[in-house]
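Participant: Please find one structure pasted underneath; my questions will follow.
No lab work stands behind these numbers, since they all come straight from the coordinates. Just so you know, these numbers come straight off a predicted model, no measurement behind them. FYI the Cβ positions are ideal-geometry reconstructions off the backbone, even for glycines, and counts take in every protein chain you see.
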Amino acid sequence: MKKPLSQSIIIASSLMLALLSGTLFADTAADITVSNAYVRATAPGQANSVAFMTLHNSSMQAYSLIDAEGQAAKAVELHTHIHENGMMKMRRINKIDLPAHGEVMLKPGGHHIMLIGLKQAAKKGDSIHLSLIFNDGSKKMLTVPVKGMTMQMGSMEHKNGGHDMHPSAPKKMDHNHMH
Amino acid sequence: MSKLNTAITVLTLGILMGWIVSTSMPTSDKPVTLPNAIAAAPTGGDFSLTSADGAFRLKDYRGKVVLIYFGYTFCSDICPTNLALMAQALNGMTENELAQVQALFVSVDPERDKVATLKKYAQHFHETMLGVTGSPTELAEIATRYGAAYRKIEGESEGGYLVDHSSNTYVIAPDGSLHTILPHATPAQEILKVTRKLLTES
Ligand SMILES: [Cu+2]
């Protein structure tokens, strides 16, 4: 059975279109490289976890991360922390800007991908599938390893204040105010 | 014009008076919803809360350094960070020092955090760490005395309410007094140093 030429052309062109649009959509995702991604292992009773990573935009164009998805949790949201008046305020945000030739870190005390209602505890050595969704609709799939606390602490100690966690000098109590 | 000015002055004075009265009123029964900032000069002091193994009374810990952190298990970044640092400090202690130190995680979210869960949660960070909570009234009263603030925020996230909270670690001296307040993400070495100093002084 030979297909009519017109039908073959239609099929071929739709295939080409699909490929083309595929590569077009993949552009943003291709311009963004993800490094040092990890999900924090949960403690017993901890229903949620967080994913941290460094996003590097190698293109001349600014992008933004507008959402993240994954099957591991009931909800996956973009969050940040606002350190204000001595309070830590965790808030949902609708995007994380990725400036041209820029690097954005999702890190403890700052931006993070929040995994709400984990379907199972995140254990060290596991990995979690996440998709990053960019402003042009393109997606980047990630397989993110789960890391224990102590490993992360090790790296935090080295930086020691080089991040946005505002560590400051301890406050000594004024003993005149004591009971 | 002058009538308007008078009206504005009266109104302003009224608001000011109202504000003065409301702020000078005792707020110990619901400090949680009002202050955004943390009250100055916290006094600390004894308290009693509930753990999975019965009552926790701070006064039973005279002679020990007690490290207190107020948080909630729903918190997946700030609280674990501070508890892990506290645990790391505990891991840096000698057996003898560790016997004179008690780490305490106080959940300000009793609605979601049950004592059985808190026990396992705290032990995950360090086997000696205790997890306690209490009634909203008890917690509010204790948090106020320690200058710990927290506030329930509804409708922000699909996971239910969030809790804005201060993230200090309170260091209680062996005499039961509030000695030092360590800010968020204080390195383990610093926690260890402060604790050690108190142990050698006493
Ligand atoms: Cu979050």
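Participant: With a ≥ b ≥ c the root eigenvalues of the C-alpha gyration tensor of segment A:56-133, is it rounded (a/c under 1.5), prolate (a/b larger than b/c) or oblate? Each step should come with its number before you reach the end.
Facilitator: Working: a/c = 2.00, a/b = 1.21, b/c = 1.65.
Oblate is the answer for segment A:56-133, as a/c is 1.5 or above yet b/c matches or exceeds a/b.
Participant: How many Cβ atoms of partner chains, on average, are near each residue of B:79-86 if near means within 10 Å of its Cβ?
Facilitator: Taking all residues of B:79-86 together, the mean is 5.
Participant: Sticking with this one: So what J values fall out for segment B:64-69 if you push phi through Karplus, 6.51 cos²θ - 1.76 cosθ + 1.60 with θ = phi - 60°, rounded to Hz, Gly and Pro as x?
Facilitator: 10, 8, 10, 9, 10, 10
Participant: Amide H neighbours of residue A:67 under 5 Å, counting only residues 5+ apart in sequence or on other chains, H built in-plane at 1.01 Å?
Facilitator: HN-HN under 5 Å from residue A:67: A:133.
Participant: Taking 7 Å along the Cα-to-C-beta vector as the label spot, tell me the residue A:35-residue A:131 distance in nanometres, rounded to one decimal.
Facilitator: 2.7
Participant: Return one quarter of the surface area of the convex hull spanned by the alpha-carbon atoms of segment B:105-149, equal to its mean projected area, in nm².
Facilitator: Working: hull surface 12.7 nm².
Computed as one quarter of the Cα hull surface, the answer is 3.2 nm².
Participant: Let me ask something additional. How much FRET efficiency would the formula 1/(1 + (r/R0)^6) give for residue B:99 and residue B:62, where r is the Cβ-Cβ distance and R0 is 25 Å, rounded to 0.05? Before the final figure, lay out the partial values.
Facilitator: Numbers: r = 14 Å, r/R0 = 0.57.
So the FRET efficiency works out to roughly 0.95.
Participant: Obtain the radius of gyration and the Kirkwood radius of segment B:78-193 from its C-alpha atoms and give Rg over Rh. Intermediate results must be reported in sequence, preceding the final value.
Facilitator: Working: Rg = 14.6 Å, Rh = 15.2 Å.
Ratio value, two decimals: 0.96.
Participant: Take every residue in peptide B:182-192, count the Cβ atoms of other chains within 10 Å of its Cβ, and give the average of those counts. Spell out each step's value before the answer.
Facilitator: Values: counts 5, 9, 9, 11, 5, 6, 3, 2, 4, 1, 0.
Mean inter-chain Cβ contacts per residue within 10 Å come to 5.
Participant: Calculate the mean, over all residues of peptide B:159-169, of how many other protein chain Cβ atoms lie within 10 angstrom of the residue's Cβ. Before the final figure, lay out each step's value.
Facilitator: Values: counts 11, 4, 0, 6, 4, 8, 5, 4, 7, 3, 1.
The per-residue average across the peptide is 5.
Participant: Additional query: If we count other beta carbons within 10 Å of each Cβ, what is the order of A:39, B:101, fewest first? Spell out each step's value before the answer.
Facilitator: Numbers: A:39 27, B:101 22.
If I rank by nearby Cβ atoms, fewest first, I get B:101, A:39.
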